[in-house]
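Let me begin by presenting the structure, written as structure tokens, before commenting on it.
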Amino acid sequence: MKAIESPNAPAAIGPYSQAVQTGNLIFCSGQLPIDPATGKFPEGGIKEQTRQSLLNISRILEQEGLSLSNVVKTTVLLADISDFAAMNEVYAEMFKAPFPARSAFSVRDLPKGALVEIECIAEK
């Protein structure tokens with residue numbers, strides 16, 4: 001197993017790696033919508049936070065020469081399931097067909113009061 005860390009994405013806030021590679025698969029830890037330049041969430045709501053979470057994933061994948069087009073599976077955690085449609089709008093802008101498989105869940109709370117957290121599996 002090889003740890004993958006990007007200086008262009010937020011540092012892990014606990015005892016975990018931003019991502020790990022095993023074989024041809026890369027497992028990205030859940031990415032909160034933290035702007036690595038400010039350490040804060042972007043202003044706005046679910047759309048801005050979704051975009052930032054996906055940008056963070058993209059920057060981690062770039063460390064290995066990959067992009068969102070290499071993502072085969074995502075898991076989206078939402079603090080409020082009523083944000084699903086708005087999250088989906090941004091998600092559809094950031095990913096292109098064939099879209100990765102996806103699960104989406106509503107959860108009680110997310111770290112730091114985030115509205116969304118996204119994790120993924122990518123293939124190298």
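Here, each number is a calculation from the coordinates, and none is a lab measurement. Just so it is clear, the model here is predicted, and its values are computed rather than measured. So basically every Cβ, Gly included, is an ideal-geometry build from the backbone, and we count neighbours across all protein chains shown.
Run the helix sum for the chain: -39,500 (n - 2.57) per DSSP H stretch of 4+ residues, divided by residue count, reported at 222 nm to the nearest 500 deg cm²/dmol.
-7500 deg cm²/dmol
Fewest Cβ neighbours within 10 Å first, please rank VAL116, VAL107, VAL90 accordingly. Write down the numbers at each step before the final one.
On the way: VAL116 32, VAL107 12, VAL90 19.
Ascending Cβ contact count within 10 Å gives the list VAL107, VAL90, VAL116.
How are the Cα pair distances of the chain distributed, in percent, across 10 Å bins from 0?
Binned Cα distances yield the sequence 14, 49, 33, 4.
Give the residue from ASN70, THR22, SER82 lying farthest towards the positive end of the charge dipole for the chain; charges sit on Cβ (+1 for Lys and Arg, -1 for Asp and Glu) and the dipole is referred to the Cα centre.
The one lying farthest along the dipole's positive direction is THR22.
For the chain, what relative contact order do you get, as a whole percent, if you take Cα pairs closer than 8 Å and at least 6 residues apart?
32 percent.
If the only charges are +1 at each Lys and Arg Cβ and -1 at each Asp and Glu Cβ, what is the size of the charge dipole of the stretch 40-124 around the Cα centre, to the nearest 20 debye?
Values: 10 positive and 12 negative charges, 25 e Å.
I would put it at about 120 debye.
Can you find, among ALA104, ALA92, ILE121, the residue sitting farthest towards the positive end of the charge dipole of the stretch 76-124, where Lys and Arg contribute +1 and Asp and Glu -1 at Cβ?
Of ALA104, ALA92, ILE121, it is ILE121.
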